[in-house]
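Asker: Before I ask anything, here is the structure I am working with.
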Amino acid sequence: AAPVRVTVYNSLGQLVRTLEDDEQPAGAHDLLWDSRDGEGRAVASGVYHCRLEVEGSSPQVLAMTVLR
């Protein structure tokens, strides 16, 4: 188990939404982003970056494309 933080940023590097910020048990996990911001509004089409931070590991970043 370790603290996990998963955040989504827009192409300008602005935080769009925090998807997870809690301790998680070891193992594989699924996480779904509904392409909404932190206030529940649908985001615009474009490229977004998902950042995964797990304590004791280097952060990982994944590019995602939202098409409307």
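Asker: Got a number for the accessible area of L52? Probe 1.4 Å, square angstrom, nearest 10.
Answerer: In the full protein context, L52 sits at about 60 Å².
Asker: While we're on this one: Once ligands and nucleic acids are excluded and a 1.4 Å probe is used, how much of Y9 is accessible, expressed in Å² to the nearest 10?
Answerer: Result for Y9: roughly 60 Å² accessible.
Asker: Further question on the same structure: Counting only protein heavy atoms and using a 1.4 Å probe, what share of the accessible area of the chain belongs to carbon plus sulfur, as a whole percent?
Answerer: Answer for the chain is 49 percent, counting heavy atoms of protein chains only.
Asker: Mean-square fluctuation check for the chain, GNM, Cα pairs under 10 Å: which of S57, S11, S45 is largest?
Answerer: Maximum among the listed residues: S57.
Asker: Using the heavy atoms of the protein chains alone and a 1.4 angstrom probe, what is the accessible area of the chain per residue in square angstrom?
Answerer: Value for the chain: 72 Å² per residue.
Asker: Here's another thing I want to ask about it. I want to verify a result. In a Gaussian network model of the chain, Cα cutoff 10 Å, which of these has the top mean-square fluctuation: R51, R36, R17?
Answerer: Looking only at R51, R36, R17, the largest GNM fluctuation is found for R36.
Asker: A further question follows. Please give the charge dipole size of the chain, origin at the Cα centre, charges +1 on K and R Cβ atoms and -1 on D and E Cβ atoms. Round to the nearest 20 debye.
Answerer: 400
Asker: For the chain, set up a GNM with springs between Cα atoms under 10 Å and report which of G13, G27, G40 has the largest fluctuation.
Answerer: G27
Asker: Just need the Rg to Rh number for the chain, please, alpha carbons only, Kirkwood Rh.
Answerer: With Rh from the inverse mean 1/r over Cα pairs, Rg/Rh is 0.98.
The values are calculated or read from the model by the stated rules, or taken from the named source; none is laboratory data. Quick caveat, the model's predicted, so the values are computed rather than measured. Counting neighbours? That spans all protein chains shown, and the Cβs are built from the backbone with ideal geometry, glycine included. Ligands, DNA and RNA are stripped out before the accessible areas are found, and what is left, the full protein with its side chains, is counted by its heavy atoms. Shrake-Rupley method; radii C 1.70, N 1.55, O 1.52, S 1.80 Å.
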